[in-house]
Amino acid sequence: MVAALRGSLERHPRAASADAFSLFVSRSSAMGWLSSHGPGGCWGMNDAGSDSTGAWFQVSLTGESVPVQAFLACAGDVVARLGRFRLDSVELTVPMPGADSMMGLLQDAGWFADRDPRLVAGVRVAVDPFVPGIVGWMREFRQDVASFSSLDEVVLAEWSPAALGWLAAFLAEASARHGVTTPLTITASRA
Amino acid sequence: MRFQRILAGTAVVGFALGALQAPANAEVAVPAPAPVETEGDQSAVVGPEAVCIFYTNGDYVHVSSTPPASASGHGWWTNGNCDATLAVVTVQLQQYYSDGKWRNIGSAGKATVRSGGGAGNRATGRVTCSNREVTGWRSVIDVDLVGLADDPSKLTTATRNITCRR
């Protein structure tokens, strides 16, 4: 699973000994997401990097679940730790979930309940491969995170890595339900 | 992560994890996907009472995101209470073969680094893929503290089947 958070990253002057890789290892370990040669965890670390345009992260999943929201939340924590970051877009490569994940997704959506209406953001999304039926399928579910006119017009609860992670997981679930078996490439940018 | 002890007053006894060679008249073994439950050959820690503690750490071998397509793995160390600033970290990649054996592939990545695995403080083992067949890989990571004797045991990372074959 790979994510690139693109925009503008101004490193803190004090940020010298740690980098995107070590921070991602530490953060995902602290949150219980990192598989460290033993039981537990969601992913094993592969690689990460950053420059003035943002940061990227690569992990290998160690279970059937595809924890995209956790992955992007961790990435967001890391870039915030590195410096002042303005997020313009996210590019993701996401494997298809191995099992029905809708119940978990609907539960996870509760994080965005009572959202601040001032944070609502318009988002453009591209999905490859794209199956036309996924938008209508996603519209059937009641949740507080995203509403869809089309993938060019998505209204997101907030422009944040966590919300984008939830949206990506929802898109992966919808694509899997419509026969996609290959990893999904998702690009989301502010409208 | 592997927890290791420094052996007090003991000379360093190091050994190399050499390639395991099949007999000349045996069927030729070829790279292959590995059973996911294959365990690493971690050596036991044997010695007198510990003086200080450090950890050996590394990530799973993976296909590098930067071209050319390569199997890649990182290694680093984390200090507990050892009186050492630097360590020589070595990362040797191994490929799984159809005869059930692991073989060293490529030269070991080696770096003298500070504790923590932060910026510039990781060693990298990397082998360019000959093709993209699914193949079993793992890495063997050794940490030698600079200025202190430590035990020769190494961390063997978990097996990963990736789309890279050498």
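Since every read-out is calculated from the coordinates, none of them should be taken as a lab result. The structure presented is a predicted model; accordingly, all values stated were derived computationally and were not measured. Virtual Cβ from ideal backbone geometry, glycine too; neighbours counted across all protein chains shown.
Restricting attention to the stretch A:1-43, which trypsin sites (Lys or Arg not before Pro) occupy a DSSP loop and are surrounded by at most 16 other Cβ atoms within 10 Å?
On the way: sites: A:ARG6, A:ARG11, A:ARG14, A:ARG27; in loops: A:ARG14.
Listed in order of number, the matching sites are A:ARG14.
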Next item on the list: Kindly express, to the nearest 10 degrees and within the range 0 to 90, the angle between helix A:68-82's C-alpha long axis and the longest C-alpha principal axis of chain A.
Entry: 30
Margin query: Taking the Cα centroid of the stretch A:1-64 and of the stretch A:81-160, what is the distance between the two, rounded to the nearest whole Å?
Written below: 21
Checklist line | Mean separation of Cα contacts under 8 Å (6+ apart) over length of chain A, as relative contact order % | finding: 27
Margin query: Just want the ordering: B:GLU133, A:GLU173, B:GLU27, from fewest to most Cβ atoms lying within 10 Å of their own Cβ.
Written below: B:GLU27, B:GLU133, A:GLU173
Check: Relative to the longest principal axis of chain A, what angle (0 to 90°, nearest 10) does the C-alpha long axis of helix A:161-177 take?
Finding: 50
Notebook entry, point to check: Where does helix A:20-30 land angle-wise versus the long Cα axis of chain A, in degrees 0 to 90, nearest 10?
Noted result: 70
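Please give the length that would be gained between A:MET31 and A:GLU10 if that part of the chain were fully extended, namely 0.36 nm times their separation in residues minus their C-alpha to C-alpha distance (nm, one decimal).
Details: separation 21, 0.36 × 21 = 7.56 nm, distance 2.55 nm.
Gain in length upon complete extension: 5.0 nm.
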Checklist line | Candidates A:ALA16, A:ALA157, A:ALA169, ranked by Gaussian network fluctuation over chain A, Cα under 10 Å, top entry | finding: A:ALA16
Item checked: Highest-first arrangement of A:18-25, B:137-144, where packing means the average Cβ count within 10 Å -> B:137-144, A:18-25
Checklist line | A:ARG190-A:TRP111 FRET efficiency (beta carbon distance; Förster radius 25 Å; 0.05 resolution) | finding: 0.75
Next item on the list: Determine the shielding of peptide B:58-67 by partner chains: average, over its residues, the number of Cβ atoms on other chains within 10 angstrom of each Cβ.
Entry: 6
Check: For A:ARG142 and A:ASP100, what does the FRET efficiency come to when R0 = 22 Å and r is the distance between their Cβ atoms, rounded to the nearest 0.05?
Finding: 0.80
Check: Ranked from highest to lowest mean number of other Cβ atoms within 10 Å per residue, what is the order of the peptides A:81-93, B:154-166?
Finding: B:154-166, A:81-93
Check: Considering only DSSP beta bridges whose two residues both sit in the stretch A:2-118, what percent are antiparallel, to the nearest 5?
Finding: 95
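What average number of partner chain Cβ atoms lie no more than 10 Å from the Cβ of the residues making up A:20-26? Intermediate values should be presented prior to the final figure.
Numbers: counts 1, 8, 7, 2, 0, 8, 3.
So the per-residue partner count for this stretch is 4.
Find how much the distance from A:ALA121 to A:THR53 grows on full extension, using 0.36 nm per residue of separation minus their present alpha carbon separation; answer in nm with one decimal. Mind showing how you got there, number by number?
Details: separation 68, 0.36 × 68 = 24.48 nm, distance 2.13 nm.
The A:ALA121-A:THR53 span can extend by a further 22.4 nm.
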